[in-house]
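Below: one structure, written as structure tokens.
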Amino acid sequence: MINVLSYTCIVVGIAFWFWGTSYLLGKRSLLFKLHTLSVSDTLGSILIVFGLLLKIPREWPLLILGIICLAMWNTMLGYVLAYCSSTGGKDE
């Protein structure tokens, strides 16, 4: 049962990766594309690491640290990218 749940988390995480990437091809604004990509990549990566956590429970400290770092890094990177794209590279 744990193997099925683990593989399900990994497959859903990979699906989130592809789903977020597919929005890059649309005609929406750059901020919408960046937001969709960063959210889907963060959720997908966290689900993949959670699937690995279920498969390899003895490595829980490193995998939990990985989940925390993914959540913090991707959130901050999204804010930085949004700020840089909204200013258009102009000095204020």
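Brief remarks follow.
- K27 being out of contact with any helix residue (DSSP H, G or I) (no Cβ under 7 Å at 6 or more places or on another chain) and either of a type in the set (K, R) or exposed (fewer than 13 other Cβ atoms within 10 Å of the Cβ) (or both): yes
- Across segment 58-68, not a single residue is classified as hydrophobic (A, V, I, L, M, F, W, C), modelled with pLDDT under 80 and in a helix (DSSP H, G or I).
- Scanning segment 23-77 for residues that are acidic (D, E) and more than 17 Å from the chain's Cα centre (by Cα) yields one hit, E59.
Results for (1) hydrophobic (A, V, I, L, M, F, W, C); (2) modelled with pLDDT of 90 or more; (3) part of a helix (DSSP H, G or I); (4) surrounded by 13 or more Cβ atoms within 10 Å (Cβ to Cβ), shown as yes or no for each residue.
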residue	(1), (2), (3), (4)
F16	yes, yes, yes, yes
V39	yes, no, yes, yes
G51	no, yes, yes, yes
A71	yes, no, yes, yes
L77	yes, no, yes, yes
D91	no, no, no, no
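- Residue within segment 67-81 that is farther than 26 Å from S29 by Cβ and of a type in the set (A, V, I, L, M) present: yes
- Yes/no for I68 being among the β-branched types (V, I, T) and either on the phi > 0 side of the Ramachandran plot or touching a helix residue (DSSP H, G or I) at 6+ places or on another chain (Cβ under 7 Å) (or both): no
The values are calculated or read from the model by the stated rules, or taken from the named source; none is laboratory data. Since this is a predicted model, take the numbers as computed values, not measurements. Neighbour counts run over all protein chains shown; Cβ positions are idealised from the backbone, glycine included.
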